[in-house]
Structure formats: structure tokens, C-alpha cells
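Student: Sending over a structure as C-alpha cells; questions will come in a sec.
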Amino acid sequence: MKRRKFLGVLATASIGAGLPKLGISEPTQPSPCTDLKHGTRLAGMTPRELRDSLHSELFGVVLPFWDKHGVDPEYGGVMCSLDYDGTLVNSEKLLWFQGRALWVYSYLYNHFGQDPRHLEIARKTRDFVLKYGKQEDGWWAEKLSREGKVLKQFEGDIDGPFFIAEGLQEYAVAAKDQQAREMAIELFIKLCRYFNRPEYRYSGPDFPELKPDGPCMRPQGTWMMNLSVGTEILQHGKHPEVEEIVERALDAIIRRHYNPEIGLNTEMLNYDFTRPEGLERKVRLGHGIEIFWMAMDEADRRGDRALWNTCAERIHRALDVAWDNVYGGMAQWVNVDQGGYQWPPEKPVGTNFDFRFVGEYNYMKTLWGMNEVMVATLRVFERTQADWAAQYYAKAYQVLTDKFRLKKRGLPGYVLFTDRKFTFEPHAVRQDNYHPIRQLMLNIRTLDRILESEKTSS
């Protein structure tokens, strides 16, 4: 679909009560960082104090943990099967985490001092996945041994290769490696074409009720990868097919998945974008926050204020629905108006929890979800100084600090999954090398912009 035709469709689409129509055919520059009110505090701290706190957590706690326990200096890549104290549970290397590591260390190099050690970790991760991960048929093995032996071939999980594409793009910038960029674009386009075929079948864990021989359905989470990786590619140069992919992804996210009846984005749609029976109001709340701060990045790239504002309003709406005002934190799912809904049984990896929720809400609490709230709300606050954004950032910061981070227990790691009341289990079998690090890096950069704005306005 051509850009103007697509934008014209968005301009005439009803976005629901309280939200603007996307009249974005003529780009307008996003508002600059708003001058902070005197005495502004975030999570009880000045922007400088908060920035220093996040920087200390990233470089004094989180990265040293991964340097000591996760990064593999011998074979390259990372091992994520770790207990809270860093004890290695097993040395398997899942493709997801290799692609994420490639992005993380490349991003660190690009934006935090160009430390050659970070680039070397990224390079060795790239070499490992290219040597052992790519199959002869062009797909990517889903699981490798520490040494690179294939433990699980590609069985349809395309999220892992998406992370490889994301990592290769960021590495291309760090290493000034044009070949890595070309590989990233080629893989990204291959994945998006595969995802858009009628033969595509979702194979992830979030909808166990879907059958391999059932109808083609496409989740919002994969459109998110289409958008986020595509935007990262386009930030470093034009590419017509990538631009078309990003257009389709925006259409899916802003218009198709949005259900105006409930004011939220539902997670799963049929191939033709109709709503599957029984899933019309089923919302993965964390994605409804993560996906819109990513769409903000695309809005900034285009200079599109209307799109940015719509994303901010939908983040606010999703948070109002998701936040648990009894115990704190954010619910994982809601199935609106389905008071007797029996959620599929779920046992998060490495835990003894056996979740069998009944009712509208699935109250599993996740580390990744808190990190997405913190990125989204600080991004909104930077531009608008909205009270709601500051309040939700403060609440998320407190929950992450008090409930997910284990510093008070003398441990360097984080809880990844827990129940509604944040029941602590003494051991884990996995740590997250992506969401906490990404949140810290992105929010440090956001605070740097806020501080720079303060400086220039004083």
C-alpha cells in the first residue's frame, strides 16, 4: 500500500471515543521536550538523581551480573539459564537471547561511550549465531548448546530470528558493517513475508487453544516486531519494502487490533483482520503499552504529532485498565466482560506457580511488563509532563524496586514472573538479558534529554 493511500485510510478511520482521528497525511514535528516545572520530581527524585540511580543500577549491578555469569567469553553469545545469584542452571543458548544480546551490547557501544569491550561481546555473539544458528534451509535453529550444537531446529518460532535481525541492524551501526545491515534487512523482509502468508500459523505459548491445523491468526506481538525492527532499520537509511512493512504494521496496530468498544487493542486477529470468535476482547496488557511507545518512535521518525498523541492516550487507557490497585503492578491479561472465563493453565518457566485464573483478569505479574510501563510513561512525561505519566512511572518504579529487584534479599537478579501478591520463590532458572537493560538504557537517555532541555532553558 502506498504511503499516502495508507495515511488516507488512517485519516478516515474512527479511533474511538476520546481519541483523535489520525489525520496524519501532512507530517508535523513532535513537540520538543517540555521545560520542567521547578522542583519536579519523579519517583521521589529529581531528574538528575533518578538518572544517576538508573546509571548506577545499569553499570554497577546489572551489567556486572551478566559479565560475570552470562556472557560466554570462550564461544560467544550468552547463557540465560541462571538462578538469581548467577548460578548456571544449564548452558543452553536460546536464539531469542542471542539476538537480544547482540542488540544490547551493540546499543551500549553506540550510546554509552563506545567501550570496545561491548563491541567485542557483540562481535563474538554475532559470530556465534551466524556460524551455528543459521540452517541450510535459511531458517534459524531455536536452541543451541553452549558450543553451538543444534538442540532444536526451527519449528515455526519467528520471534527469535526477528531478534537476530534487530541485533544485526544495531551491530551494523556499531561496527560500521554494511554487510550486517544487508543481512538484517534480508532476514527482516523474509520474516515479514512469511508472517503475511495465509499459510502462517502462530506457534507461541500465549494461545494454547489454537491448533496447528486451525485457521491463520496473527498476533499483535508479531506486528510489534514488524514495526519496531522496521523503524530501527529506517532510522539509518531508506528502504522501500521496509517502509511498506512499517505502514502495514502501523495499520494493524493503530486501526485493526484496536477495538473501539472497549478502547483497547486485542491481541489476536484472523488473517483477514476480523476478530476471532471468543477472542474479541482478549487483551495482552503489556503489549498494549510496549507497542505504543514503539509506535511513538515511528511517529518521531516521521515527525507526526497526531500519531504520537494517539499512542500516548492509548498507553494511558491501557494502564488504567491494567493496574492492580490492590496489590500493585500490572495484570498480564484481561478478557473484557468475561467474568467466568477460565484462563488456560500456565506454569511460567522455572517456577512452581500453576496459574489457573478464572474471571476477567489474569493476574500473573511480569518483570518485562513493569519495564515497558517505565519506558512508556517516562517517554510521555518527557514530552508532556502529564501528571498521570509521572504517577504511573513512580508506581512502576516502586513495584520494580520493591517486588522484582532482589537487592533487599542480597541477590543481584530479578524475579521474572510472580503471582498477584508477589509471592517470592527462592530459586529461578532464567534471567532476562533484554527488558531490564533496555529500560535502563532508554530511560537514562530520556533523562539525559530532559536534563539537557533544563540546561538550555535556564
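Student: May I ask you to list the residues in region 246-265 that are within 19 Å of residue 308 (Cα to Cα) and aliphatic (A, V, I, L, M)?
Tutor: Within region 246-265, 246, 249, 250, 252, 253, 254, 264 qualify.
Student: Consider region 405-448. How many of its residues are without any contact (Cβ under 8 Å) to a residue 24 or more places away in the chain and open to solvent by less than 30 Å² (accessible area, probe 1.4 Å)?
Tutor: Matching residues across region 405-448 total 0.
Student: So, one more: Residues being open to solvent by 60 Å² or more (accessible area, probe 1.4 Å) and not polar (S, T, N, Q): count how many of those fall in region 311-339.
Tutor: 6
Student: Taking into account only those residues within region 351-363 that are in a strand (DSSP E or B) and aromatic (Phe, Trp, Tyr), which is farthest from residue 331 (Cα to Cα)?
Tutor: Among them, the one singled out is 355.
Student: Which condition breaks for residue 202 when tested against (1) in a loop (DSSP other than H, G, I, E, B); (2) open to solvent by less than 30 Å² (accessible area, probe 1.4 Å); (3) among the hydroxyl-bearing types (Ser, Thr, Tyr)?
Tutor: Checking residue 202 against (1) in a loop (DSSP other than H, G, I, E, B); (2) open to solvent by less than 30 Å² (accessible area, probe 1.4 Å); (3) among the hydroxyl-bearing types (Ser, Thr, Tyr), the one that fails is (2).
Student: Checking residue 364 against (1) of a type in the set (A, V, I, L, M, F, W, C); (2) under 16 Å from residue 423 (Cβ atoms); (3) open to solvent by 10 Å² or more (accessible area, probe 1.4 Å), only one condition comes out false. Which one?
Tutor: If we test residue 364 against (1) of a type in the set (A, V, I, L, M, F, W, C); (2) under 16 Å from residue 423 (Cβ atoms); (3) open to solvent by 10 Å² or more (accessible area, probe 1.4 Å), just (3) comes out false.
Student: Which pairs turn up if I take residues in region 38-62 that are assigned to a loop (DSSP other than H, G, I, E, B) and look for partners that are among the aromatic types (Phe, Trp, Tyr) with beta carbon separation below 8 Å, at least 6 apart in sequence or on another chain?
Tutor: Qualifying pairs under 8 Å: 43/393; 43/397.
Student: Of the conditions (1) of a type outside the set (A, V, I, L, M); (2) within 30 Å of residue 157 (Cβ to Cβ); (3) in contact (Cβ under 8 Å) with a residue 12 or more places away in the chain, residue 67 fails just one. Which one is it?
Tutor: Checking residue 67 against (1) of a type outside the set (A, V, I, L, M); (2) within 30 Å of residue 157 (Cβ to Cβ); (3) in contact (Cβ under 8 Å) with a residue 12 or more places away in the chain, the one that fails is (3).
Student: Next question, about the same structure. Checking the structure you have, find out if any residue of region 267-278 is touching a residue at least 24 places away in the same chain (Cβ under 8 Å), surrounded by 24 or more Cβ atoms within 10 Å (Cβ to Cβ), under 26 Å from residue 379 (Cα atoms) and within 18 Å of the chain's Cα centre (by Cα).
Tutor: no
Student: Condition first: among the small types (Gly, Ala, Ser), in contact with a helix residue (DSSP H, G or I) (Cβ under 7 Å, 6 or more places away or on another chain) and open to solvent by 10 Å² or more (accessible area, probe 1.4 Å). Can you find one or more residues in region 229-244 that meet it?
Tutor: No, every residue in region 229-244 fails to be among the small types (Gly, Ala, Ser), in contact with a helix residue (DSSP H, G or I) (Cβ under 7 Å, 6 or more places away or on another chain) and open to solvent by 10 Å² or more (accessible area, probe 1.4 Å).
Student: Please go through region 118-173 and give me each residue that is surrounded by fewer than 17 Cβ atoms within 10 Å (Cβ to Cβ), without any contact (Cβ under 8 Å) to a residue 40 or more places away in the chain and assigned to a loop (DSSP other than H, G, I, E, B), ordered by number.
Tutor: Matches in region 118-173: 135, 136, 137, 149, 153.
Student: Which residues, counting only those in region 336-388, are of a type in the set (Lys, Arg) and touching a Gly at 6+ places or on another chain (Cβ under 8 Å)?
Tutor: If the condition is that a residue be of a type in the set (Lys, Arg) and touching a Gly at 6+ places or on another chain (Cβ under 8 Å), then 365 is the only one that fits.
Student: Just checking, which of 75, 105 is among the aromatic types (Phe, Trp, Tyr) and open to solvent by 20 Å² or more (accessible area, probe 1.4 Å)?
Tutor: Every option except 75 fails the conditions.
Student: Does any residue of region 389-396 turn out to be open to solvent by 30 Å² or more (accessible area, probe 1.4 Å) and basic (Lys, Arg)?
Tutor: Looking through region 389-396, at least one residue is open to solvent by 30 Å² or more (accessible area, probe 1.4 Å) and basic (Lys, Arg).
Student: Using the structure shown, decide if residue 113 is closer than 24 Å to residue 241 by Cβ, open to solvent by 10 Å² or more (accessible area, probe 1.4 Å), outside any helix (DSSP H, G or I) and not aliphatic (A, V, I, L, M).
Tutor: No, not satisfied.
Student: Additional query: Within region 289-310, count every residue that is open to solvent by less than 10 Å² (accessible area, probe 1.4 Å) and either over 15 Å from the mean Cα position of the chain (by Cα) or free of Cβ contacts under 8 Å to residues at least 40 places away in the same chain (or both).
Tutor: The number of residues fulfilling the criteria is 6.
The values are calculated or read from the model by the stated rules, or taken from the named source; none is laboratory data. These numbers were taken from a predicted model, which means no experiment stands behind them. Note: ideal-geometry Cβ built from the backbone for every residue, glycine included; neighbour counts use all protein chains shown. The protein model used for the area step is the full one, side chains on, heavy atoms only, and it has no ligands, DNA or RNA in it. Shrake-Rupley method; radii C 1.70, N 1.55, O 1.52, S 1.80 Å.
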